[in-house]
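J.: Please read through the structure below; I'll follow up with questions.
Each reported figure results from applying straightforward, stated rules to the coordinates on display, with no laboratory input. Quick caveat, the model's predicted, so the values are computed rather than measured. So basically every Cβ, Gly included, is an ideal-geometry build from the backbone, and we count neighbours across all protein chains shown.
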Amino acid sequence: MKDTLKACIKGKKTSYVPIWFMRQAGRYLPEFRAIRKKNNDFIKLCLNPDLVKEITLQPLKRFDLDAAIIFSDILMIPYGLGQQVEFKKGIGPILGDLNLDNIVNTNLDDFIQKLLPVYKGIEKVKEDLKDKELIGFVGAPWTLLLYMLNKGSPKNGFDFNNINKDKTTINKLLKKIVEIICLHIDKQIDAGANIIQIFDSWAGLLPKKELQNYCYKPISTIVEHIKSKNIPSICFPKGIGENYIDFCREVRPDCISIDYEVNPQHLKEKLDGIPVQGGLDPKILLSDKEAIKESTEKYLNVFENYPYIFNLGHGVLPEIKPETIEYVIQIVRKKK
């Protein structure tokens, strides 16, 4: 099964449908919860190479998956840039005040030193991974910018006009974020990641007229950088609906990861052959087996004879049972 997921991203015909899950290493697994219980500080957990390796490999010990995705967080970048980041139970991430001068003048070697344990963790995973892909990842510039300026999740309140009002700050910060994302990608590739996924988790909050400046252009720069390393990229601009087509036309990712709000059939017809990943609503995995089978097969049938990686339209929810993940994998594996 070597290289099949990567072959699929390159648009080649594969003998089966590759499968992995966003957030496959995490809160729904009892073995992860046992580790988390002993490690209250989430950032410290992401900076423990031995535990990063153990957590990353946990789902692969349980399930027949085609890839590992490194256990980390998109907010390791603001942390590396010197902004305080902590995770509070029931609230989510809380970020400290943003010092623009300090961030813009961050020394690249200092950033690498702060995140060195992340790269060590990737090296350790790579040693044990054998013939599976190893996915590294980053948050997209807009999503990181939003967290850094909002000092927390936009779920807890967000005003685009407030974020957008100081163009000088925005432009300086965006430029630095793009530079640091490329550096963070380079270090993950050096450590052994052979696919990079870009998560624009909050792209759906952007007004359509702002997608070009905040989403398409900065991600396009990063995708070009990844291509220069001969590594494939998967982009996930969650929530942009009909704009997925424009995104693909402008950014030209190697693979587009879709959410559950887009019509997969319509998208496939407009995509000009770009490989597709994902789509299934994670909440469906909380329903009965018949509904799960029907929804899973819907995506498999839509993308039959098309380069497609099975995944969800967002991450695995904490309430989903591991047996349900196993059930979905069995359905996908039976599909030729």
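J.: Quick check on region 1-60: of everything there that is of a type in the set (Gly, Ala, Ser) and touching a Pro at 6+ places or on another chain (Cβ under 6 Å), which residue is surrounded by the most Cβ atoms within 10 Å (Cβ to Cβ)?
T.: Ala25
J.: From the list Asp259, Asp246, Asp272, pick out the single residue that is out of contact with any helix residue (DSSP H, G or I) (no Cβ under 7 Å at 6 or more places or on another chain), touching a residue at least 12 places away in the same chain (Cβ under 8 Å) and at positive phi.
T.: The conditions single out Asp272.
J.: State all residues of region 49-75 that are over 16 Å from Glu123 (Cβ atoms) and either charged (D, E, K, R) or under 17 Å from the mean Cα position of the chain (by Cα) (or both); if no residue qualifies, say none.
T.: The answer is Pro59, Lys61, Arg62, Asp64, Leu65, Asp66, Ala67, Asp73, Ile74, Leu75.
J.: Please verify whether region 312-331 includes one or more residues that are over 19 Å from Phe63 (Cα atoms) and polar (S, T, N, Q).
T.: The answer is no, given that none of the residues of region 312-331 is over 19 Å from Phe63 (Cα atoms) and polar (S, T, N, Q).
J.: Which numbered condition trips up Met22, out of (1) within 27 Å of Gln330 (Cα to Cα); (2) outside any helix (DSSP H, G or I); (3) without any contact (Cβ under 8 Å) to a residue 24 or more places away in the chain?
T.: Checking Met22 against (1) within 27 Å of Gln330 (Cα to Cα); (2) outside any helix (DSSP H, G or I); (3) without any contact (Cβ under 8 Å) to a residue 24 or more places away in the chain, the one that fails is (3).
J.: Which one is surrounded by the fewest Cβ atoms within 10 Å (Cβ to Cβ) among residues in region 176-219 that are among the hydroxyl-bearing types (Ser, Thr, Tyr) and in a helix (DSSP H, G or I)?
T.: Tyr216
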